[in-house]
Amino acid sequence: MNMVTTTRAEKRLEAGWFQRLAWAALGWFSLGFLVWVPFLYVALRRGRPSDWGACASFVLYECVTLPWAANSNDDDGDAFLGVAFVVTLLVATALLLFWLFDKKTPRTPPMPVYGQPPYQQGYPYGR
């Protein structure tokens, strides 16, 4: 039995600061209801198991906290639920701003062809 292995190039997902801030703002302005959406976007684009794990953890967070908040009998609310909400949004913001997206790759200048001197800009008439 022959085993054929293929190596795929690792997908990169670079984002500028405006896009990172927009994804983080989505979680805050939706009051945490859509905090899983940026992680689903990254998981679909890049496909790494760690991205799918992050997406699944935030979906699980939504599936647990929404029924918990709806079934709360306290008039003032649950303090633990409030702390969990704030900590979750802070963690999601930190992930989106600093760790989830890949760093931009620096552009390198083109290398000269072997045997030719690099072009030097100067006086064109050989002075």
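A short reminder: the numbers here are calculations on the coordinates, not readings from a lab. Just so you know, these numbers come straight off a predicted model, no measurement behind them. FYI the Cβ positions are ideal-geometry reconstructions off the backbone, even for glycines, and counts take in every protein chain you see.
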Between Trp99 and Ser30, what's the calculated FRET efficiency when r is the beta-carbon distance and R0 is 22 Å? Round to 0.05. 0.55
Once both labels are modelled 7 Å past Cα along the beta-carbon direction, what's the Ala9-Val59 spacing in nm? 2.9 nm
Neighbourhood net charge (12 Å Cβ-Cβ; Lys/Arg +1, Asp/Glu -1) for Val42: +3
